[in-house]
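Taking it in order: structure first as structure tokens, then the write-up.
The values are calculated or read from the model by the stated rules, or taken from the named source; none is laboratory data. Since we're looking at a predicted model, the values are computed, not measured. Please note: Cβ atoms are built from the backbone with ideal geometry, for glycine as well, and neighbour counts cover all protein chains shown.
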Amino acid sequence: GAVVSQHPSWVICKSGTSVKIECRSLDFQATTMFWYRQFPKQSLMLMATSNEGSKATYEQGVEKDKFLINHASLTLSTLTVTSAHPEDSSFYICSARVRGRGTEAFFGQGTRLTVV
Amino acid sequence: AQRVTQPEKLLSVFKGAPVELKCNYSYSGSPELFWYVQYSRQRLQLLLRHISRESIKGFTADLNKGETSFHLKKPFAQEEDSAMYYCALSETGGYNKLIFGAGTRLAVHP
């Protein structure tokens, strides 16, 4: 159990367009969802935390209007990269905590975004 | 501010050698510490957490609050242990953020 599905696995888009990445918890309710960004050979940089029933809390330096996070339900969170630019190209990873299973986080497989 | 430091980017050992991956943290409260592992072409997965005090795949980690460390150890490395290891810290209040260290790549050679 505790599977997190992230879609798409990879996407290529043109500069100026918007891209939506979905993160679903398949067999559990997620009390908290995290969105991370990972640059090549670097660690996961926390972008935002979304707790159940609350809006996403963004980390310092992450533009809220650029990276729109919607925690639509306890099983779905979306990250929309608006007006994408080549510098937004990166690996985006979502993670979720399971209701009743404490603080362990389960990770999606990640989405490789390339903006051309 | 919360911070997780993994000083080594790469740790290269031979099979059967002991392994210690270092992790230090800074946090004003009482954090929860984890080690996550990422094998090649796989997603991140939990290896162990300090509150469990268990050994997973031969790995152990002890939380040392005095030294603010949570080093990962294994007495005899195996080739299948080769992976990327991330130390992570979870807040125990507030937004319950989960933040990661830079990661250490462990390479175990035959």
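Inspect segment B:6-16 for any residue being within 11 Å of chain A (Cβ to nearest Cβ), of a type in the set (S, T, N, Q), under 29 Å from A:Thr111 (Cβ atoms) and part of a strand (DSSP E or B) and give the result as yes or no.
No: segment B:6-16 contains no residue that is within 11 Å of chain A (Cβ to nearest Cβ), of a type in the set (S, T, N, Q), under 29 Å from A:Thr111 (Cβ atoms) and part of a strand (DSSP E or B).
For segment A:44-58: of the residues being surrounded by fewer than 16 Cβ atoms within 10 Å (Cβ to Cβ) and not polar (S, T, N, Q), which is farthest from A:Leu26 (Cα to Cα)?
Only one residue tops the list, namely A:Lys55.
So, in segment A:6-26, how many residues would count as being assigned to a strand (DSSP E or B) and either acidic (Asp, Glu) or surrounded by fewer than 16 Cβ atoms within 10 Å (Cβ to Cβ) (or both)?
5
Would you tally the residues in segment A:60-101 being loosely packed, with under 15 Cβ neighbours inside 10 Å and closer than 15 Å to B:Lys97 by Cβ?
Count: 2.
In segment B:64-102, which residues are closer than 14 Å to B:Cys23 by Cα and among the charged types (D, E, K, R)?
Once the filter is applied, which keeps residues that are closer than 14 Å to B:Cys23 by Cα and among the charged types (D, E, K, R), segment B:64-102 yields B:Lys65, B:Glu67, B:Lys73.
Among the strands (runs of 3 or more DSSP E) lying completely within segment A:43-86, list those that include at least 3 residues that are of a type outside the set (Val, Ile, Thr).
A:44-51, A:67-73, A:76-81
Would you check if B:Ile56 is surrounded by 13 or more Cβ atoms within 10 Å (Cβ to Cβ) and within 23 Å of A:Val3 (Cβ to Cβ)?
yes
Working only within segment A:27-42, note down all residues that are part of a loop (DSSP other than H, G, I, E, B), surrounded by 12 or more Cβ atoms within 10 Å (Cβ to Cβ) and either touching a helix residue (DSSP H, G or I) at 6+ places or on another chain (Cβ under 8 Å) or of a type in the set (Phe, Trp, Tyr) (or both).
A:Phe28 - this is the single residue of segment A:27-42 that is part of a loop (DSSP other than H, G, I, E, B), surrounded by 12 or more Cβ atoms within 10 Å (Cβ to Cβ) and either touching a helix residue (DSSP H, G or I) at 6+ places or on another chain (Cβ under 8 Å) or of a type in the set (Phe, Trp, Tyr) (or both).
Are any residues in segment B:39-69 within 10 Å of another protein chain (Cβ to nearest Cβ) and either among the hydrophobic types (A, V, I, L, M, F, W, C) or not in a strand (DSSP E or B) (or both), and if so, which ones?
B:Arg41, B:Gln42, B:Arg43, B:Leu44, B:Leu46, B:Ile51, B:Ser52 - these are the residues of segment B:39-69 that are within 10 Å of another protein chain (Cβ to nearest Cβ) and either among the hydrophobic types (A, V, I, L, M, F, W, C) or not in a strand (DSSP E or B) (or both).
Which of the residues belonging to segment B:72-103 are of a type in the set (S, T, N, Q) and at the interface with chain A (Cβ under 10 Å from one of its Cβ atoms)?
Correct list: B:Ser90, B:Thr92, B:Asn96.
Within segment A:87-110, count every residue that is in contact with an Asp or Glu (Cβ under 9 Å, 6 or more places away or on another chain) and either assigned to a strand (DSSP E or B) or without any contact (Cβ under 8 Å) to a residue 60 or more places away in the chain (or both).
5
For segment B:18-38, which residues satisfy the criterion of being in a loop (DSSP other than H, G, I, E, B), in contact with a strand residue (DSSP E or B) (Cβ under 8 Å, 6 or more places away or on another chain) and either over 10 Å from B:Tyr85 (Cβ atoms) or hydroxyl-bearing (Ser, Thr, Tyr) (or both)?
B:Pro18, B:Lys22, B:Tyr27, B:Pro31
For segment A:36-75, what are the residues that are away from chain B (no Cβ under 14 Å) and at pLDDT 90 or above?
Within segment A:36-75, A:Glu63, A:Lys64, A:Asp65, A:Lys66, A:Phe67, A:Leu68 qualify.
Being closer than 14 Å to A:Val98 by Cα and in contact with an Asp or Glu (Cβ under 7 Å, 6 or more places away or on another chain) is the filter here, so list the residues in segment A:3-31 that pass it.
Scanning segment A:3-31 gives A:Val3, A:Thr31.
So, A:Ser43, is that one within 23 Å of B:Gln45 (Cβ to Cβ) and over 13 Å from the mean Cα position of the chain (by Cα) or not?
yes
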